[in-house]
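What follows is a single structure, written as structure tokens, with notes after it.
The values are calculated or read from the model by the stated rules, or taken from the named source; none is laboratory data. Only a predicted model underlies this, so the values are computations on that prediction, with no experimental measurement involved. Don't worry about glycine lacking a Cβ; one is built from the backbone with ideal geometry, like all the others, and counts go over all protein chains shown. The accessibility values were calculated without ligands, DNA or RNA, using every heavy atom of the protein model including side chains. Shrake-Rupley method; radii C 1.70, N 1.55, O 1.52, S 1.80 Å.
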Amino acid sequence: MKLNNLKLVGYRNYSELNLDFYDCTNILIGKNAQGKTNILESVCYASMGSSFRTNNESDLIMWGRPGSSITLHFQRMGVDNKLEFIFEREKRRRIIHNGSNIRVKDLIGIFNAVLFSPEDLNLIKGAPAGRRKFLDVEISQASPAYYDDLVKYNRLLQQRNTLLKNIREYRANKSMLDMWDDQLVECGTRIIKKRIEAVKKLNMLANLMQRRISTNEENLFISYFIKGLNEPVDKIEENLNLWYNEALLQVKDEDIFKGSTSIGPHRDDINIYVNGIDLKSFGSQGQQRTGVLSMKLSELEFIRSEKGEYPVLLLDDVMSELDRDRRQQLLDFIKKENIQTIITATDQAYFPELDTGVFYLVNDGNVDIIGG
């Protein structure tokens, strides 16, 4: 995956930007609040059709403008592609791929990008929702069918929760749950199985990265955790749908009382260990940061193994959060694998030994090449 050109019109603080990118490492240098992250946000938006910073798309429109647009020219498996996103106030966003209007479900998998931001450093010690999102975004880019199942599952979950509240308030019959449970189990089982499959591959890839970054001193182990399951996942993997059905039956009364569904992929998590120690609870800050870096790098390898090429890597101000050794390990990996990367940073000094990169100066919505 190679991003050749990005054009922004009326986007955030960019009145108009036409920016070429190179196959190597592209480094956006500038003070805070100059628009560096806005560029990364627009590129990342193209991969999933959503912003990692806001749920309100009107935020993407420059103040005083009626609308904005993002246009990307890129190559996927050597074939030229064009993606456009058009935003207008009080209107639905439009997505255009190679001249044809498409829906979000058709967008997934067209352009692949992996984002690493300071918030990701909480991936290990943060809430389970962050780890589920990590999995979901990664798998969705490799499998649009998985994304479809996620959308369907969340819709079914919302409808079931509404029914649970109605049953609790004696406005619906308990027997009505059977129909929703059958659909929830069918869709949820596919999601869990795909996650288990992905985690097995991630476990191998992340451990290779962990050993490399720690100079063979640490082994990283990742496993999928199903809430409510009191035995190893592989014991029930073949009969997951049966277990899932029984688990929902056992918590039915509790779910009605709470008005929410307590079992399912929306409650699951990932267990992460280094040298047999629970990294979330007992790992040092250094080990946790190395673990996050290993997981993000394994995300690149996972998408490459599924799609046949590396995604574009986006690094948003993480250099200031990593120590010198980890920064160098990251840059060495990018260079060795020839991964097109866009990095934001406040100081060019973070890249003293970089010999294959292009530097841009970002200043109040203007971008100029300053070296490379």
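Summary table below
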item: Average projection area in nm² (convex hull over Cα atoms of segment 101-150, one quarter of hull surface); result: 4.0 nm²
item: Solvent exposure ordering (accessible area, 1.4 Å, most first) of His266, His73; result: His73, His266
item: Protection proxy ranking of 338-344, 253-259 - average other beta-carbon atoms within 10 Å, highest first; result: 338-344, 253-259
item: Cα gyration tensor shape of segment 84-238, rounded if a/c is under 1.5, else prolate or oblate by comparing a/b with b/c; result: oblate
item: Shape call, segment 226-284: gyration tensor on alpha carbons, a/c limit 1.5; result: oblate
item: Largest-first principal axis extents, alpha carbons of segment 328-372, Å; result: 33, 19, 15
item: Equivalent ellipsoid semi-axes, segment 1-51, via Cα gyration tensor eigenvalues times 5, rooted, Å; result: 16, 15, 11
item: Cα convex hull volume per residue for segment 42-135 (Å³); result: 125 Å³
item: Percent accessible area from carbon and sulfur atoms, the chain, protein chains only, probe 1.4 Å; result: 46 percent
item: Estimated Rh, segment 252-341: Kirkwood, alpha-carbon pairs, angstrom; result: 16.1 Å
item: Neighbour-limited loop hits for trypsin sites (Lys or Arg not before Pro), segment 107-179 (at most 14 other Cβ within 10 Å; DSSP other than H, G, I, E, B); result: Arg171
item: Overall form of segment 89-176 per C-alpha gyration tensor (a/c, 1.5; a/b vs b/c); result: oblate
item: Rounded accessible area per residue of the chain, 1.4 Å, Å²; result: 47 Å²
item: Where Asp325, Asp106 fall by accessible area, highest first, once all protein chains stay in place (1.4 Å); result: Asp325, Asp106
item: Heavy atoms of Phe302 accessible to a 1.4 Å probe, total area in Å² rounded to 10; result: 10 Å²
item: Label point distance in nm, Glu309-Ile370, each placed 7 Å from Cα along Cα→Cβ; result: 3.1 nm
item: In range of the label at Thr162: residues from segment 82-97 whose backbone nitrogen is under 18 Å from the point 7 Å along Cα→Cβ; result: none
item: Extension gain from Ser50 to Arg65, taking 0.36 nm per residue of separation minus the Cα-Cα distance; result: 3.4 nm
item: Accessible area of Arg93 in the full protein assembly, 1.4 Å probe (Å², nearest 10); result: 60 Å²
item: Computed label-point distance, nm, for sites Thr215 and Glu337 using a 7 Å Cα→Cβ extension; result: 2.3 nm
item: Förster radius 41 Å - calculated FRET efficiency between Leu249 and Gln75, Cβ distance, rounded to 0.05; result: 0.20
item: Gain in span if fully extended, Ser260 to Ser15, counting 0.36 nm per residue against the direct Cα distance; result: 83.7 nm
item: Exposure of Val137 as accessible area (Å², to 10), given a probe of 1.4 Å and all protein chains; result: 40 Å²
item: Pairwise label distance in nanometres, Asp323 with Asp355, each label 7 Å out on the Cα-Cβ vector; result: 2.7 nm
